[in-house]
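*Asks:* Encoded as C-alpha cells, here's the structure I'll be asking about.
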Amino acid sequence: MTGAPGEQTALPVGMKWPDDPILANVRPEIFKIRNARDVVIGVAVRTIAHEENANVIDWVVHLPARGSLFINMDPVPGEGGLRVGRLRSGSREFQPLTGTIEERWISDTSGEEDAPAGRIDLVARLIGGDLPPDELSEEVAK
Amino acid sequence: MKYVLVLLLGVVAGVALFAAGLAYNPLFGGEELSPLAVSDSQTILLGYPVVTNEAIVFTNDGESRIRPHPEKVLQLWESPIRQTSAMAVVLWNSRNQSAGLGIKFASASEATRLLEGRAIVDSVWYLYLPGKGSLFIDQSENYWDYLRDIVIPAYRSSADTWRGKWLGNVTAGPGALGTARVTGGSGEFLGLSMLGVESMSVRAWRVDRGAIAGEGQLMIELPADVSNDSEPDNEQL
C-alpha cells in the first residue's frame, strides 16, 4: 500500500495515495497474518521510513482477542536477508513479555500459476518478565 | 383468548420499556472531560478523519453497513478477523498541517456488556511522524455514548440520519484514568512511555455510511521531564 512518487509497486485498485510530501519517504504495508497451519489469525502493518539519520522499520501485529505486538526492526538485514527486531511493547497477553522477532522473506517455489511471489516469515521468541537487555540477549542465545 | 392478547401486549410493553431503559439509562455516561486536559505536561495533538471515505484506506468484513474504502480493497472476511477493521489515515497537527501517517486496527471485544453501558472495542494505533519518530497506542474504547447519542437516534430517524454536535472521549483504558498506553518506538520518542486519549467530534451520521462529517483526535501526554526540556511555547507538533 504505497503510492509515493517513484515507487514501483502499484496501489490496490481505487486507492489514491495522498499527494503530500511529508509521506514521500514512508511506505506502509498491511498484511493478513497466518499461523503455521496457514490459517489467518490476525492483521499486521509494516512501515518502512527513510530518514536522514536512520531508516525506521516497525511492525505492529494485531491478533484479535489476544493482543498486539509493537516491534522495532534493525534496518540493516543480516545474512540471507534475515532481519532481527525487538518487541518494544505489547498489549493484553503480550504486555508482560519481552523478546526478539526475526523477519525473513521466503520465495515461493511451488511453481503454481496463481501463487504469490513469496511470504514473510515472522518468528517471535518471547519470554515473560522484565529482563535487562544484556540478560535478554543471553536468554535468546540459549 | 383475551388473556393471551393481554399477555402478549404486556410482554411487548415490557421489552420496549427495557430497551428504552437500556438506551437512555442516565447512570451510564461517559466522561466528557479528558483526564489529560488538566495535565500540566505538554501534549501532542493529532487529528484524523472519522469519515471512512476520507481515509487512505478502510476495510472490514465487507458485510457491515459501513463499506470498505476504496470499494475493491481486500476485506477481512476470515472468521478470526471478521470483527476487526483496519484503517490508514493522514494525521494533522494543531495547526491543521499534515503531521504523519496513522494506522489503526480495531476489534470488537469480549468485554462488551451492554447492560452495564460498555460497548468495548480493543484497538491499537501505529503513528509515524516524519522527523519525529514512531508511536504505538494500545487502548480499549467504549462506544456506549456514541451508540446511545448518535447511532440509535439515526436508526429511529425516518431519514436514517443523525445531525448535531457530539464530542466525546472514546478511550476507556487500560490506564486507571481511562487513558491509553503509549509507547515511543523511534526518534525522539524512543523509550518513552506516555498516556493518551482518543476523542471524536461528529456532526452527521448515516445508517448506511457511518459518520459523514466529523473528526477524531489523539491527545498524547509527554513525560514531565521531556516537557520541561522543551521550549515553553513548543507547539503540539
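*Asks:* Compute the Cα gyration tensor for the range A:25-115, then decide on rounded, prolate or oblate, letting a ≥ b ≥ c be the square roots of its eigenvalues: rounded whenever a/c is under 1.5, prolate when a/b is larger than b/c in the other cases, and oblate in all that remain.
*Replies:* Here the range A:25-115 falls in the oblate category.
*Asks:* Of A:Thr100, B:Thr59, how do they rank once you tally other Cβ atoms within 10 Å and put the fewest first?
*Replies:* Lowest to highest Cβ neighbour count: A:Thr100, B:Thr59.
*Asks:* Based on the Cβ-Cβ distance of B:Val15 and A:Arg34, what FRET efficiency does E = 1/(1 + (r/R0)^6) give at R0 = 41 Å, to the nearest 0.05?
*Replies:* 0.40
*Asks:* For the range B:103-165, compute Rh as the Kirkwood radius over C-alpha pairs and then the Stokes-Einstein diffusion coefficient at 4 °C and 1.567 mPa s; write the answer in µm²/s, rounded to an integer.
*Replies:* 93 µm²/s
*Asks:* Using only atoms on other chains, find how many Cβ atoms lie within 10 Å of each Cβ of peptide A:39-51 and report the average.
*Replies:* Per-residue shielding by partner chains comes out at 5.
*Asks:* Neighbour counts of other C-beta atoms within 10 Å: give me B:Phe18, B:Phe105 arranged from fewest to most.
*Replies:* The fewest-first ordering by Cβ neighbours comes to B:Phe18, B:Phe105.
*Asks:* Given a Förster distance of 22 angstrom, what is the FRET efficiency for B:Ala111 paired with B:Glu63, based on the Cβ-Cβ distance and rounded to 0.05?
*Replies:* Efficiency computed from Cβ-Cβ geometry: 0.40.
*Asks:* Would you tell me the mean number of C-beta atoms belonging to other protein chains that fall within 10 Å of each C-beta in B:79-85, as a whole number?
*Replies:* Mean partner-chain Cβ count within 10 Å for B:79-85: 5.
*Asks:* Size of the dipole of the range A:22-96 about the Cα centre, Lys and Arg at +1 and Asp and Glu at -1 on the beta carbon, nothing else charged, in debye to 20?
*Replies:* My answer is approximately 380 debye.
*Asks:* Taking chain B as the reference, fit the longest principal axis to its C-alpha atoms, fit the long axis of helix B:2-23 to the helix C-alpha atoms, and give the angle between the two in degrees, 0 to 90, nearest 10.
*Replies:* Between helix and principal axis, roughly 10 degrees.
*Asks:* Something else: With the cut-off at 25 Å, tell me which of the pairs B:Lys104/B:Lys132; B:Lys72/B:Lys132; A:Lys16/B:Lys165 have Cα atoms farther apart than that.
*Replies:* B:Lys72/B:Lys132; A:Lys16/B:Lys165
*Asks:* Which of rounded, prolate, oblate describes chain B, given a ≥ b ≥ c as roots of the alpha-carbon gyration tensor eigenvalues and a/c under 1.5 marking rounded, otherwise prolate only if a/b is larger than b/c?
*Replies:* Taking the square roots of the gyration eigenvalues as a ≥ b ≥ c, chain B is prolate.
*Asks:* Go ahead and estimate [θ] at 222 nm for chain B from helices alone: -39,500 (n - 2.57) per DSSP H run with n ≥ 4, summed, over the residue count, rounded to 500.
*Replies:* Taking each H run of at least 4 residues, the total per residue is -4000 deg cm²/dmol.
*Asks:* Then there's this: Filter the trypsin sites (Lys or Arg not before Pro) in the range A:34-135 down to the DSSP loop ones having no more than 12 other Cβ atoms within 10 Å, then list what survives.
*Replies:* Within the range A:34-135, the qualifying trypsin sites (Lys or Arg not before Pro) (loop, at most 12 other Cβ atoms within 10 Å) are A:Arg37.
*Asks:* Inside 10 Å of the C-beta atoms of A:63-69, what's the mean count of C-beta atoms belonging to other chains?
*Replies:* If you average over the peptide's residues, the count of other-chain Cβ atoms is 6.
*Asks:* Which ordering of B:Lys2, A:Lys32, A:Lys16 is given by a fewest-first count of other beta-carbon atoms within 10 Å?
*Replies:* Placing the least packed residue first, the sequence is B:Lys2, A:Lys16, A:Lys32.
No lab work stands behind these numbers, since they all come straight from the coordinates. Note that the coordinates shown come from a computational prediction; the quantities given were computed from them, not determined experimentally. Neighbour counts are summed over all protein chains in view; Cβ atoms, including those assigned to glycine, are modelled from backbone coordinates with ideal geometry.
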